[in-house]
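These notes concern the structure reproduced below.
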Amino acid sequence: MSTVEELAARDDRVAGRPLAARVLSRPEVGSLVAAVVIFLLFMAVAEPFRNVANVGTILYGASTIGMMAVPVALLMIGGEFDLSAGVAVTTAGLSGSLLAWNFGLNVWVGVLFSLVLAVAIGAFNGWLLLRTGLPSFLVTLGTFFVLQGVNLGVTRIATGNVASAGINDMDGFASAHAVFGSEVTIGPINLKITVLYWVLLTLIAAYVLLRTRIGNWIFAVGGDAGAARAVGVPVRATKVGLFMAVGFCAWLSGMHLLFQFNTVQSGEGVGKEFIFIIAAVIGGCLLTGGYGSVVGASIGALIFGMTQLGINYAGWNPDWFRTFLGVMLLLATIVNLYVKRRADLR
Amino acid sequence: MTAILSLSNVGKSYGNVHALRDVSLSVRQGEVTCVLGDNGAGKSTLIKIVSGLHPHSAGEVSLDGSPVSFGSPRDAQAAGIATVYQDLALAPLMSVWRNFFLGNELRSGLLRMLDIASMKRICAAELSKMGIVIPDLERPVASLSGGQRQCVAIARAIYFGARVIILDEPTAALGVKQSGLVLRYVVKARDAGLGVIFITHNPHHAYLVGNHFVILKLGRVVLDAHRDSLTLDRLAAEMAGGEELAELSHELRGVDAGKVVPPASPS
């Protein structure tokens with residue numbers, strides 16, 4: 001008879017895994033492969049893609065998606081969706097602009113009001129979700145439509161138009177533009193400030209997710225909320241916090257929209273929520289929660305930036321952009337699944 | 001020795017349903033108290049009272065001699081009572097060490113960063129104390145076997161200062177070998193000086209490790225005996241329902257258990 005210790009010591013079924021398998025089982029791998037493939041593809045077929053000066057344009061496209069894909073990825077890892085994320089950006093831009101314009105205030109007052117409102121919308125989404133126990137898909141689908149109507153309705157009441165009025169002659173516009181819409185030129189490359197925000201958000205979110213207690217909680221509430229609660233994780237606070245993070249980033253994106261273009265179209269943002277989700281999924285986030293990566297989501301956003309401009313640069317008909325995205329989404333998820341299975345088997 | 005945790009005449013009613021009546025039980029340090037019972041006997045209700053999920057509605061629960069009533073699982077945990085549920089409270093896609101420290105993360109430095117190196121080291125050490133070796137602590141818990149997962153949950157409870165550990169049917173979903181591993185860990189928990197409440201419906205598993213046995217039936221205690229005054233046969237018979245089994249065998253006598261029915265031939 002062998003003792004149980006011997007059995008356990010001899011139990012070599014769970015062995016250490018080779019480095020390659022461990023690297024391949026990281027959630028970002030699929031998106032990284034896709035990004036390299038797309039980069040090489042457009043390098044080969046699109047002459048302007050090879051021009052260094054266009055790096056700034058590509059990164060700008062990626063950053064506007066990435067700034068939202070990062071919090072959306074965190075939220076998805078935490079097990080929830082936010083379909084209102086796209087129009088919330090527009091709401092943030094509109095609310096700041098309309099408040100300042102309507103009452104003739106310094107635009108910074110509008111900026112602060114918009115911040116409070118955007119974070120409050122996120123908190124409301126989270127609160128309603130936990131209060132009703134409905135799936136986040138339904139709750140945020142509701143907020144999505146509510147905000148879409150409010151954006152249009154309030155803008156029409158305030159300005160009689162479907163877009164907010166120009167505010168570039170108002171107090172504080174110059175400084176706010178410097179914070180939210182400026183750009184720097186490094187050599188031949190023209191970089192928008194959103195690229196900085198995007199990179200910062202990615203770094204902070206990746207740090208929080210992998211190196212802090214809150215990150216552990218995010219994985220846990222998405223993986224198994226019941227288990228998380230049983231070991232003392234504050235499930236409700238974590239989820240509401242994640243929705244508020246989406247709200248905060250919607251505010252940042254909305255402010256860029258406002259101070260970059262001076263006015264905000266009230267119908268904008270519809271459909272963007274899916275692009276954020278697609279970026280997160282390409283980056284390795286599972287729809288069921290508990291697994292994913294913000295770095296992957298940022299790579300997903302980069303894929304968007306490259307594709308959007310690459311299609312133009314290649315002289316292809318841009319009508320097909322969305323079809324291309326749909327194919328990308330399917331391919332990336334299949335690759336993710338395949339790579340993960342292979343790596344887990346090793 | 002005095003009991004760490006004792007229940008005297010504890011009852012619990014949900015509306016007009018008396019799920020538990022007059023249950024007395026004591027858990028002593030370094031002893032395994034087995035609670036046996038069929039489905040619906042009141043085992044789950046008993047766990048819920050002791051682990052702080054539901055308050056009891058009659059009788060008295062006392063900890064170290066003074067009466068207590070836990071308002072939440074956190075209260076019970078703070079008092080040193082850990083429950084290892086059947087679903088184990090592990091997040092399947094998270095790594096072993098992250099699960100081990102979930103809710104009790106170690107942090108260090110100015111930024112209150114996770115102290116990953118220490119957590120991995122402690123996790124490996126605690127698991128090897130339980131005789132379980134997992135070379136890659138980054139593996140998701142979902143890739144471990146049922147018995148290994150059970151052990152991670154038990155090791156976690158012991159490490160975080162439990163004095164009483166409640167194991168809710170830890171062997172119910174496991175094969176023979178895995179059950180053997182888990183029973184061994186039950187003994188390890190006992191040797192570590194914990195009071196163990198081992199909930200099961202398997203008298204054979206219970207008799208292998210138990211010091212004291214309580215059988216519940218329809219919310220009441222029908223047997224409360226120390227190991228010295230009980231044989232496995234008696235325990236198994238009591239558990240199987242004693243008289244009921246005799247009745248059943250009488251009832252089934254006419255069915256001819258050895259009979260093989262040939263498939264009906266088409267005619």
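State whether chain A is rounded, prolate or oblate according to the following rule on the C-alpha gyration tensor (a ≥ b ≥ c being the square roots of its eigenvalues): a/c under 1.5 gives rounded; otherwise a/b larger than b/c gives prolate, and the remaining case gives oblate.
oblate
Can you compute the charge dipole magnitude of chain A about its Cα centre, using +1 on each Lys and Arg Cβ and -1 on each Asp and Glu Cβ, nothing else charged? Give it in debye, rounded to the nearest 20.
For chain A, the charge dipole is close to 620 debye.
Tell me the relative contact order for region A:29-345 as a rounded percent, counting alpha carbon contacts under 8 Å between residues six or more apart.
Computed over region A:29-345, the figure is 37 percent.
Which loop-located chymotrypsin sites (Phe, Trp or Tyr not before Pro) does region A:261-345 contain, where loop means any DSSP state but H, G, I, E or B and the Cβ has at most 16 other Cβ atoms within 10 Å?
A:TRP316
Averaged over every viewing direction, what's the projected area of the C-alpha convex hull for the protein assembly as shown? Give it in nm², one decimal, please.
Result: 40.8 nm².
Sequence-distant or interchain residues sharing an amide H contact under 5 Å with B:SER57, placed H: which?
B:GLY11, B:LYS12, B:SER13
Around B:LEU216, which amide H atoms from residues at least 5 apart in sequence, or from another chain, sit under 5 Å from its own amide H, with H modelled in the peptide plane?
HN-HN under 5 Å from B:LEU216: B:LEU36, B:GLY37, B:VAL222.
Which of the peptides A:92-102, A:137-147, B:8-18 is most tightly packed, and how do the rest follow, judged by the mean count of other Cβ atoms within 10 Å per residue?
Ranked from most to least packed, the peptides come out as A:92-102, A:137-147, B:8-18.
Name the residue farthest towards the positive end of the dipole of region A:196-346 from the options A:ASN312, A:ILE282, A:THR263, assuming +1 on Cβ of Lys and Arg, -1 on Cβ of Asp and Glu, about the Cα centre.
Final value for the positive-end residue is A:ILE282.
With a 10 Å cut-off between alpha carbons and a GNM built on chain B, which of B:THR83, B:THR33, B:THR231 moves the most?
Looking only at B:THR83, B:THR33, B:THR231, the largest GNM fluctuation is found for B:THR231.
Work out the mean other chain Cβ neighbour count within 10 Å for the residues of A:227-240 and drop it here as an integer.
Mean partner shielding for this stretch: 5.
State which entries of A:LYS192/A:LYS272; B:LYS129/B:LYS177; A:LYS239/B:LYS120 exceed 23 angstrom in Cα-Cα distance in the structure shown.
A:LYS239/B:LYS120
Hey, fewest Cβ within 10 Å first, where do B:PHE198, A:PHE173, A:PHE103 land in order?
A:PHE103, A:PHE173, B:PHE198
Using the crude model of +1 on Lys and Arg Cβ and -1 on Asp and Glu Cβ, and no other charge, please compute the dipole size for region B:143-267 relative to its Cα centre, in debye to 20.
660 debye
Once Lys and Arg get +1 and Asp and Glu get -1 on their Cβ, which of A:ASN151, A:TRP217, A:ILE299 lies farthest toward the positive end of the dipole of region A:29-345?
Final value for the positive-end residue is A:TRP217.
For chain B, what does the relative contact order come out to in percent, with C-alpha contacts under 8 Å and a separation of six or more?
Relative contact order of chain B: 26 percent.
Return the average number of partner chain Cβ atoms within 10 angstrom of each residue Cβ along peptide B:141-147.
2
For chain A, with the dipole built from +1 on Lys and Arg beta-carbon atoms and -1 on Asp and Glu ones, taken about the Cα centre, which of A:VAL116, A:THR64, A:LEU40 lies farthest toward the positive end?
After comparing all options, I get A:LEU40.
Which GluC sites (Glu not before Pro) from region B:190-262 combine a DSSP loop assignment with at most 16 other Cβ atoms within 10 Å?
none
Looking only at A:VAL208, A:VAL221, A:VAL294, which one moves most when chain A is put into a Gaussian network model with springs between Cα atoms under 10 Å?
A:VAL208
Once you've got the GNM for chain A with C-alpha springs shorter than 10 Å, pick whichever of A:ASP319, A:ASP224, A:ASP82 has the biggest mean-square fluctuation.
A:ASP319
Among A:MET67, A:MET43, which comes first, second and so on when ranked by fewest other beta-carbon atoms within 10 Å?
Sorted ascending by nearby Cβ count, the order is A:MET43, A:MET67.
What shape does region A:154-293 have by the C-alpha gyration tensor, where a ≥ b ≥ c are the square roots of the eigenvalues, rounded means a/c under 1.5, and otherwise prolate means a/b greater than b/c and oblate the rest?
Judged from the Cα gyration tensor, region A:154-293 comes out prolate (a/c at least 1.5, a/b above b/c).
Each residue of region A:114-130 in order: what ³J(HN,Hα) in whole Hz does its phi give by Karplus 6.51 cos²θ - 1.76 cosθ + 1.60, θ = phi - 60°, with x for Gly and Pro?
Here the 3J(HN,Hα) series is 4, 4, 4, 5, 5, 5, 5, 4, x, 4, 5, 3, x, 5, 5, 4, 6 Hz.
Output the 0 to 90 degree angle, nearest 10, between the alpha-carbon long axis of helix A:235-261 and the longest principal axis computed from the alpha carbons of chain A.
Value to nearest ten degrees: 40.
Give B:LYS48/B:LYS217; B:LYS12/B:LYS43; B:LYS12/B:LYS48 a once-over and call out the pairs whose C-alpha atoms are over 20 Å from each other.
none
Read the figures in this text as sums done on the coordinates, not as results from a lab. Here the structure is a predicted model, which is why all the values come from computation and not from measurement. As a convention, Cβ positions derive from the backbone with ideal geometry for all residues, glycine included, and neighbour counts pool all protein chains shown.
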